[in-house]
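The values are calculated or read from the model by the stated rules, or taken from the named source; none is laboratory data. Since we're looking at a predicted model, the values are computed, not measured. So basically every Cβ, Gly included, is an ideal-geometry build from the backbone, and we count neighbours across all protein chains shown. The accessibility values were calculated without ligands, DNA or RNA, using every heavy atom of the protein model including side chains. Shrake-Rupley method; radii C 1.70, N 1.55, O 1.52, S 1.80 Å.
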Amino acid sequence: MSYFFITGISIALFLTAILLTKEKKSTSDFILAALLFFAAQTIFNTFLVETGLYLTYPDLLVLGFSSPIIVSIFLYLYSKYQTNNIPFQWRELWHFVPAAIIFLIYTRFFFLNPSQKLAVMQSGGDGYEFENLLRIAAIYISGIIYCILSLRILFTYRRNIKNEFSNTERIEFNWLVFLIIGMLAIWLIILFLQDNKIISISATIFVILLGYFGVTQVNVFGPKAISSSNVIFVNNKKEDNNEPDKPPRQEKYHYSNLSSEESLQIHGQLLKILEGEKPFLNPELTLAELAKHIPTHPNKLSEVINKYEQKSFYDLINERRIHEFFRLLNMPESKQYTLMSLAYDCGFNSKASFNRNFKKYTGKTPSEYQNNQK
């Protein structure tokens, strides 16, 4: 079993090294590297106990007492900075106060002589009952709270993403979903099983899977893919696309200072640009880029799209791509091309995206549609 823990530690440290040597490192890269490092330290503590080396190196064991708390904090920070294109804010350091307190309450242990340290370890922590109780409580509470906060960040991001991007395949962060859910599963195991060995085995398996899934994500250990901008969305509610003739719902923008005259002007300019310049042919079109064509602020454009088109930016652009697809499909010279070739020409960047949007607007898959035309 000790070799299993060594494998988990090695993978965590290896991934940490990859992140730290990665070109064009982002804030989230440094945070993930720190998360992996302290995850390695957490597994190392179990390795010390499993092999009995904690009796020889008790200081190393105590040094790692705060690492589970730190891992939870870094999970939250990684979720926050991976989904927001913002510089690191130093006020985030207050999150580490509980971990620092846990470390400080054990400082007297480091001043004991070797025989006294050995006696404490062999007795299971005699003289440190309060410290151990406080540490365990802090680990449990921080683990659950920070997992919930991380999920909240992710759900908010995924809810708003269609207001900013026209293609979401590379930025939905399925990797982050795995990371948060996996961490939450470990904390639930901690709460209900309370078996250190099973907990550490789960953590080690998680690190191994984390390495596998993380390496397959181009925006984690490789070059960073497109990330979210700093656009702040006023509307977080889901649009009802089944009522296209419904009048604009002004109440959704309680704090908007956009006048009716300006909003109508932006909407008219938007329709003109979509018809004439066809910016949706760009697979990586974003709300911010489209706003530059008008020009207007992305927030104002997002409000206009939601109010007058009754749909998100993502739905608006992909609906236009579908219309363009049928325009090209009906041209005689297009008979020689495949459906996917035409789809790529219309701005779709993947087969999955095209199939999903095609079925959304036609009720059929491209293959079903093609068979009906024969």
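Could you grab the pairs with beta carbons closer than 6 Å, sequence gap of 6+ or different chains, first residue in region 56-75 and modelled with pLDDT under 95, second one assigned to a helix (DSSP H, G or I) and charged (D, E, K, R)?
P58/K117; F65/R135
Identify, please: which residue in region 1-10 is modelled with pLDDT of 85 or more and open to solvent by 30 Å² or more (accessible area, probe 1.4 Å) and is, among those, nearest to the chain's Cα centre (by Cα)?
The qualifying residue nearest to the chain's Cα centre (by Cα) is S10.
Being open to solvent by less than 50 Å² (accessible area, probe 1.4 Å) and either part of a helix (DSSP H, G or I) or of a type in the set (G, A, S) (or both) is the filter here; which residues of region 333-351 pass it?
S334, L339, M340, S341, L342, A343, G347, S350
Out of the residues in region 30-44 that are open to solvent by less than 20 Å² (accessible area, probe 1.4 Å) and in contact (Cβ under 8 Å) with a residue 24 or more places away in the chain, which is farthest from A12 (Cα to Cα)?
Among those that are open to solvent by less than 20 Å² (accessible area, probe 1.4 Å) and in contact (Cβ under 8 Å) with a residue 24 or more places away in the chain, it is I31.
Quick one: is T51 touching a Ser or Thr at 6+ places or on another chain (Cβ under 7 Å) and over 25 Å from L32 (Cβ atoms)?
The answer is yes for T51.
Given the conditions (1) at pLDDT 90 or above; (2) within 30 Å of F14 (Cα to Cα); (3) surrounded by 16 or more Cβ atoms within 10 Å (Cβ to Cβ); (4) among the hydrophobic types (A, V, I, L, M, F, W, C), which single one is not true for M121?
Every listed condition holds for M121 apart from (2).
Looking for something touching a residue at least 60 places away in the same chain (Cβ under 8 Å) and under 20 Å from E164 (Cα atoms) - is there at least one such residue anywhere in region 332-346?
So far as region 332-346 goes, yes, one or more of its residues are touching a residue at least 60 places away in the same chain (Cβ under 8 Å) and under 20 Å from E164 (Cα atoms).
Return the residue satisfying two criteria in turn: it lies in region 289-332 and is part of a helix (DSSP H, G or I) and of a type in the set (S, T, Y), and of such residues it is surrounded by the most Cβ atoms within 10 Å (Cβ to Cβ).
S302
Restricting to region 11-41, and then to whatever is of a type in the set (S, T, N, Q) and outside any helix (DSSP H, G or I), can you tell me which residue is nearest to the chain's Cα centre (by Cα)?
S26
Return yes when F354 is farther than 18 Å from L271 by Cα, of a type outside the set (K, R) and open to solvent by 30 Å² or more (accessible area, probe 1.4 Å) and no when it is not.
When the stated conditions are applied, F354 does not pass them.
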